[in-house]
Amino acid sequence: MKKVYILLLILLSVVLVSCNKNENEIVVAASPKPHAEILEFAKPLLKEKGYNLVIKRYNDYILPNEALTRKQVDANFFQHVPYLNTYNKENNTNIINLLEVHIEPIGIYSKTYTKISDIKDESTIYMSSSKSDHGRLITLLNNNDLLSIPKEIDTLELTIDDLKENNKAWNPKNLKIDATILPEGLVEAYKHDQADLILINSNFILDANLKISEALILEEAKDNPYANIIATIPEYKDTDKIKALIEVLSSKEVKDFILENWNGDIVVA
């Protein structure tokens, strides 16, 4: 009799959870800027389609994916495809890309120099510890003549280890590169002048209420493979609310908002 009672309680809890699940609510984990701001703009557009958008803000690159795989949110909006691919591989997950929304150019920031051409030998450089960005960061340095990597090599595929192995040939200025800094810690390093050059993603600059125009140089947005995406898990992909989310975020209204609000600092994918 006791076993039957416990079974009934379990069944009742499942029913209650199912009944309380709001199919008209879309919960999205997002970085505060610009991701959550874009989602805030999208709220009334989704309301017109009968959906209430709930935004959960994270200043972190791990928790939004964990929240998604634990089904605490319906989607997330904070990462680019190379990061997602690395995360899936390292965590044995199957999060999928639904839509490329915008590109946040990475910039080279400095309180030591005002021009790239002034950078001296053996200057110190801080960059993100996120391995999925290392090829991107190496490319930015190489494109601005701070490194000297042969043209036949695809710099986007390079790692920090590749750079170290070829330091003498590829790094003639003998720049001291530290790629162990957490992405969210780079702005504080910049504020406190902890390195001569610091490579920072635009979303962290915006979060800190700094100006992207402070950058000595920004990476090119054209043909940039690092667009920020809406991601979800396969079982949510074809639900009506996810389809509505994608329809709104790919709309002309949202694209115009990105263009007008950030004046080219954040680029429509």
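The values are calculated or read from the model by the stated rules, or taken from the named source; none is laboratory data. Because the structure is a prediction, the values reported are computed rather than measured. Every residue, glycine among them, receives a Cβ derived from its backbone with ideal geometry; neighbour counts consider all protein chains shown.
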Check your understanding: If PHE257 satisfies every condition in (1) closer than 17 Å to SER129 by Cα; (2) in a helix (DSSP H, G or I) but one, which is the exception?
Key -> (1)
Point to revise | the stretch 200-219, residues that are under 20 Å from HIS134 (Cα atoms) and in contact with a Phe, Trp or Tyr (Cβ under 7 Å, 6 or more places away or on another chain) | key: ILE200, ALA215, LEU216
**Study point:** Number of the exception - ARG57 against (1) at pLDDT below 95; (2) within 14 Å of the chain's Cα centre (by Cα)
**Key:** (1)
Review point. Does the stretch 11-30 contain at least one residue that is assigned to a helix (DSSP H, G or I), at pLDDT 95 or above and not assigned by TED's automatic domain parsing to the domain that holds LEU197?
Key: no
**Study point:** Residue in the stretch 50-59 that is more than 18 Å from THR239 (Cβ to Cβ), assigned to a loop (DSSP other than H, G, I, E, B) and touching an Asp or Glu at 6+ places or on another chain (Cβ under 9 Å) present
**Key:** yes
Study note, to complete from the structure: Within the stretch 189-225, the count of residues that are within 22 Å of GLU122 (Cα to Cα) and among the acidic types (Asp, Glu) comes to 2
Exercise for review: Within the stretch 214-221, identify whether any single residue is loosely packed, with under 15 Cβ neighbours inside 10 Å and either of a type outside the set (A, V, I, L, M) or within 17 Å of the chain's Cα centre (by Cα) (or both), and answer yes or no.
Suggested key: yes
Exercise for review: Might you check whether a residue that is surrounded by fewer than 17 Cβ atoms within 10 Å (Cβ to Cβ), of a type in the set (Gly, Ala, Ser), on the phi > 0 side of the Ramachandran plot and free of Cβ contacts under 8 Å to residues at least 60 places away in the same chain occurs anywhere in the stretch 246-265?
Suggested key: yes
Check your understanding: Given (1) buried (at least 16 other Cβ atoms within 10 Å of the Cβ); (2) out of contact with any Leu (no Cβ under 8 Å at 6 or more places or on another chain), where does ILE38 come up short, assuming only one miss?
Key -> (2)
Check your understanding: Could you say whether any residue in the stretch 243-263 is among the aromatic types (Phe, Trp, Tyr), in contact with a Leu (Cβ under 9 Å, 6 or more places away or on another chain) and not assigned by TED's automatic domain parsing to the domain that holds LEU146?
Key -> yes
Review point. In the stretch 113-151, what residues are touching a residue at least 60 places away in the same chain (Cβ under 8 Å) and in contact with a Phe, Trp or Tyr (Cβ under 7 Å, 6 or more places away or on another chain)?
Key: ILE119, SER130, ARG136
